[in-house]
1. Once the dipole of the chain is set up with Lys and Arg at +1 and Asp and Glu at -1 on Cβ about the Cα centre, which of Leu88, Val69, Ala30 lies farthest towards its positive end?
2. Estimate the FRET efficiency between Thr193 and Arg126 by the formula 1/(1 + (r/R0)^6), using the beta-carbon distance for r and 41 Å for R0, to the nearest 0.05.
3. Could you work out what % of the accessible surface of the chain is carbon and sulfur, using a 1.4 angstrom probe and leaving DNA, RNA and ligands out of the count?
4. Return the tail of the calculated pair distribution for segment 73-195, meaning the percent of Cα-Cα pairs more than 18 Å apart.
5. Residue by residue through segment 147-159, what is 3J(HN,Hα) from phi via Karplus (6.51 cos²θ - 1.76 cosθ + 1.60, θ = phi - 60°)? Round to whole Hz and write x for glycine and proline.
6. Quick one: grab Rg to one decimal and Dmax as a whole number for the chain, Cα atoms only, in Å.
7. Could you go through segment 86-102 in sequence order and give the Karplus-derived ³J(HN,Hα) for each residue, using 6.51 cos²θ - 1.76 cosθ + 1.60 with θ = phi - 60°, rounded to whole Hz, and x for Gly and Pro?
8. So how far, in whole Å, is the C-alpha centre of segment 166-196 from the one of segment 111-137?
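The values are calculated or read from the model by the stated rules, or taken from the named source; none is laboratory data. In this text the structure is predicted, and so the values were computed from the model without any measurement. Here the Cβ positions follow ideal geometry from the backbone for every residue, glycine too, while neighbour counts run over all protein chains shown. Ligands, DNA and RNA are excluded from the accessible area calculation, which covers all protein heavy atoms including side chains. Shrake-Rupley method; radii C 1.70, N 1.55, O 1.52, S 1.80 Å.
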Amino acid sequence: MAGTGYDRQAAEDYRAAREVPRDGLDAWRAAVAEAVPLAPGMTLLDVGAGTGAFADAFHAWFGVTVLAVEPAEAMRALIPASAAIHALDGRAEALPVPDGCADAAWLGSVLHHIGDLAAAARELRRALKPGAPVLIRNAFPGRCDRDLRVRFFPETARTIDGYLGVDQVCAVFAEAGFARVGLHSLPQQSAPTLRAFADGLRRDADSKLRALDDDAYARGLARLRAAADADPEEPAVSWMDLLVLA
Ligand SMILES: C[S@@+](CC[C@H](N)C(=O)[O-])C[C@H]1O[C@@H](n2cnc3c(N)ncnc32)[C@H](O)[C@@H]1O
């Protein structure tokens, strides 16, 4: 599908550079388990599934079937499809799934890609069973200081400042019948150490880093290298929000 901006190289770069190692996501697994009792026999709708890292994680963690909806063909091709993980061509605004089919929905770093969020919220209301939650993992304006990129490349916050805020997202979803249940700031370990994180950074694979000019990028990299030298053991921990609506 056109217009997603991911060709084959971009999809492979995304998988190599942006996927968080599974064992760095323990806090996310625990927070999801707290929000919704997912179990074998249940269905998770992964909207904007990308290369399927979370689709695969949800199946491994909870034994659920995953409907992974992804518009970019090159990203979709990398989803580890199986009897339990179905890779579907589609968009949040027109989900290719039946009414009332899912026990929860997951939107990972996708809110700001969705052109018509109100339509997406209505579609989620249609696709979810009554009472089933929408789990949104995203950076939000004013809440991203502990994102590793923002910590070392503070100019990246400008991109996040352009995203919808938590209250705005809640207002859009309220129109479709969802209420705010919880908002949790959660850690993920992106790499074993800051040095490993710096070594694995791929400016071209990250739109927030790509948006920086060369000087800002060089300053940020120098800050990151200095912090890694100052504490070679510091793990590369980054924080994002989990917004739960139901
Ligand atoms: C930053 S990636 C996140 C992928 C994955 N959820 C993750 O956390 O690794 C955003 C994804 O949203 C997809 N996307 C773009 N527009 C979309 C839309 N309108 N509906 C659903 N997904 C969309 C993109 O193709 C891309 O794969």
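1. Comparing the listed Cα positions along the dipole, Ala30 ranks first.
2. Computed FRET efficiency for Thr193 and Arg126 comes out at 0.35.
3. C and S fraction of accessible area: 50 percent.
4. Values: 4521 of 7503 pairs.
Across segment 73-195, Cα pairs with separations above 18 Å total 60 percent.
5. Rounded to whole hertz, the list is 5, 4, 5, 5, 4, 9, 10, x, 5, 5, 4, 4, 5.
6. Expressed in Å, the Cα Rg and Dmax of the chain come to 17.7, 54.
7. Working through the residues one at a time gives 9, 8, 10, 7, x, 10, 4, 6, 8, 5, x, 9, x, 4, x, 9, 10 Hz.
8. 14 Å
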